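The next block holds one structure in the form of structure tokens; read it before the comments.
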Amino acid sequence: MSELFSIFKDYLEQDKSVTLATVVRGPAELLGAKALIPSDGEPQGPLLDLPWHSKLLRDAYQLMGEGVSASRRYEEDQIEVFFDVHRPPSRLIIVGAVHIADALIRFAKPLGYRTHLVDPRTAFATTERFPHVDEMHHAWPDEALPEIGLNSETAVVVITHDPKLDDPALKLALPSPAFYVGALGSPKTHARRVDRLLGEGLTQVQLDRLHAPIGLDLGGRTPAEIALSIMAEIVAVHNRVALAERIPEE
Amino acid sequence: MGQRRVILWLSMAVAGLGLVAALFLSRQPDDLATEAGLALPAAAVNGVAITQELVERELVVSRLNVAAPLPPLADEDLERAREEALNQLISRQLILQEAGRQGFRLEPDVIEAQAELLFGPEDDEALGQALAQAGVGWSELVWWVGEILTVEEFVAQVVMAGAAPEERQQVYNEWLNARRAGARIEVYVGDQLQVVRPLTGAAAPDFSLTGLDGGNVSLSDYRGQVVLLNFWTTWCSSCLTELPDYERIYRQYSPEFVVLGVNLQEEAPHVRQYAAGLGLTFPVLLDQDGRVANRQYQLVGLPGSFIIDRQGQIVYQHLGPMSGETLVAKLAALGL
């Protein structure tokens with residue numbers, strides 16, 4: 001049992017989503033039995049030996065996707081399991097101290113995202129222009145992104161329209177576990193970007209997960225409308241990944 | 001203020017300083033040219049003026065928040081903000097001159113597109129209002145963006161080309177230091193236009209500052225000793241890292257060698273706490289308006305160090321963290 005806790009702690013320290021399931025009501029021999037279910041990794045623990053373990057896993061993934069801890073009942077309500085859900089805070093990393101970044105930051109915060117703005121151009125990336133950002137990084141993307149860390153709760157939005165800043169960010173973000181990577185650019189500039197990045201060692205599969213053109217099509221043109229469309233896409237991807245794709249087949 | 005400028009203008013004209021005329025021939029945005037009028041420049045870099053108007057515009061544009069326009073700077077913050085803006089303009093001007101010499105330029109349509117990305121489309125209503133409130137035109141904004149983009153692109157493509165991520169800052173600092181060393185930079189200090197060359201081989205500009213112990217300390221008090229003039233702040237982590245090394249070397253080489261730790265624009269009790277925590281025994285001085293650092297020594301970043309020989313000449317200047325080994329080697333070269 002202590003081994004399970006030490007693995008649990010490891011997941012938490014690595015900023016990974018993980019759920020600890022514990023039987024809190026039921027037959028005496030089951031009380032306190034546990035299972036550890038990471039979002040990305042092998043579930044383990046004695047609870048998984050039970051015949052209804054697939055129901056338990058499904059509930060664990062669903063709760064993890066929603067980011068809420070809760071109890072669920074099994075075996076005609078005779079057994080109650082509490083799911084202690086730990087999800088690292090979601091992060092939005094914006095590369096480019098451009099106009100729509102400010103609106104993105106404003107939309108992201110009430111949605112529960114911790115916001116990071118990355119731009120080495122100190123004249124543009126000022127706290128006067130971006131008073132609401134949680135963390136400002138006056139560094140190149142290839143320095144800032146590893147420092148911030150790209151985990152499965154990270155969304156990366158690349159919007160400088162400048163290959164010398166956009167490309168290094170994409171080279172790190174696309175192969176990373178970040179759940180969302182999007183980049184601004186017309187179809188023409190995107191095609192050129194794909195050629196460049198393929199030439200620099202990224203694979204077609206990695207490039208296929210890039211959201212470009214960025215954002216859901218809301219038909220808007222103003223900076224606030226574009227920011228909303230990007231944020232809406234991030235929320236959609238986040239929820240879909242959590243709710244649909246991670247549920248194992250029974 | 002206006003009267004003082006006029007008097008200055010007259011006295012300088014009488015003194016026959018042709019420099020002033022040269023400064024007025026400098027390039028500036030068309031919208032501002034007509035306003036150049038009688039105001040004296042704030043500084044000049046290799047003869048190219050940085051006008052007072054440019055400094056004021058820098059203050060406004062660098063704080064331009066389209067979504068939520070900011071109130072003007074409070075009077076008590078204005079002087080410091082002007083110092084910082086002027087310092088940035090001097091560095092920018094140096095880099096632009098070098099870029100120009102190498103024929104480096106960005107296409108106007110690239111600059112215009114980036115200006116729209118950075119601040120919103122020209123016809124954006126909120127942007128129009130923010131610009132009107134700031135008293136800046138769209139063309140001036142585009143011009144400002146163009147200068148910064150040119151500087152950034154030149155630094156990225158030429159200066160830092162091939163540098164590893166962790167080396168970039170140092171490569172840039174050294175390059176800029178070398179440019180400053182080779183440039184003629186003139187800045188108004190008090191009521192006088194001075195040639196500011198705190199450079200290797202030049203006399204270190206004298207100053208008088210209040211120490212943490214409350215007494216006044218002048219650089220000239222230390223004539224006959226080798227001086228490490230080190231500019232630092234408590235929020236500059238690499239400053240805090242190097243100070244204990246300097247303390248150790250100070251104790252080892254004193255009294256032939258002294259360290260003057262000049263803190264930049266922080267409150268005395270706060271500085272005292274850090275100085276005590278770091279166990280500093282050398283004089284710690286307070287540059288409260290930043291004038292010594294920004295104007296006299298043209299500091300472009302922190303930490304910044306100047307080694308001054310027994311005759312008061314700067315023999316070495318170092319921007320960024322300087323190791324104890326480097327300092328000891330420089331002292332050895334001075335016979336310590």
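Assorted remarks:
- Any hit, the range A:116-134, residues being more than 29 Å from B:LEU73 (Cα to Cα), in a loop (DSSP other than H, G, I, E, B) and within 13 Å of chain B (Cβ to nearest Cβ): no
- For A:GLY199: the one exception among (1) more than 14 Å from chain B (Cβ to nearest Cβ); (2) closer than 26 Å to A:ARG106 by Cα; (3) small (Gly, Ala, Ser): (2)
Results for (1) part of a loop (DSSP other than H, G, I, E, B); (2) at pLDDT 90 or above, shown as yes or no for each residue.
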| position | (1), (2) |
| --- | --- |
| B:GLN252 | no, yes |
| B:LEU280 | yes, yes |
| B:ILE307 | no, yes |
| B:ARG310 | yes, yes |
| B:VAL315 | no, no |
| B:MET322 | yes, no |
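- Positions within the range A:157-183 being of a type in the set (Val, Ile, Thr) and either within 13 Å of another protein chain (Cβ to nearest Cβ) or in contact with a Ser or Thr (Cβ under 8 Å, 6 or more places away or on another chain) (or both), in sequence order: A:VAL158, A:ILE159, A:THR160
- Among residues of the range A:65-112, those that are part of a loop (DSSP other than H, G, I, E, B) and surrounded by 18 or more Cβ atoms within 10 Å (Cβ to Cβ), counted: 6
- Test for A:ASP142: is it crowded, with 22+ Cβ neighbours inside 10 Å, touching a residue at least 12 places away in the same chain (Cβ under 8 Å), at the interface with chain B (Cβ under 8 Å from one of its Cβ atoms) and assigned to a helix (DSSP H, G or I): no
- For the range B:57-149, the helices (runs of 4 or more DSSP H) that sit wholly inside it and include 3 or more residues that are within 10 Å of chain A (Cβ to nearest Cβ) and among the hydrophobic types (A, V, I, L, M, F, W, C) are B:108-119.
- Restricting B:GLN288, B:GLN317, B:GLN296 to those that are on the phi < 0 side of the Ramachandran plot, of a type in the set (S, T, N, Q) and touching a helix residue (DSSP H, G or I) at 6+ places or on another chain (Cβ under 8 Å) reduces the list to B:GLN317.
- Put simply, of B:ARG295, B:ARG248 the only residue that is assigned to a helix (DSSP H, G or I), in contact (Cβ under 8 Å) with a residue 40 or more places away in the chain and within 19 Å of the chain's Cα centre (by Cα) is B:ARG295.
- Residue list for the range B:64-80, restricted to those being closer than 30 Å to B:ARG184 by Cβ and touching an Asp or Glu at 6+ places or on another chain (Cβ under 9 Å): B:GLU79, B:ARG80
The values are calculated or read from the model by the stated rules, or taken from the named source; none is laboratory data. Remember, it's a predicted structure, so these values are computed and weren't measured experimentally. Heads up, the Cβs are rebuilt from the backbone with ideal geometry, glycines too, and the neighbour counts pull from every protein chain shown.
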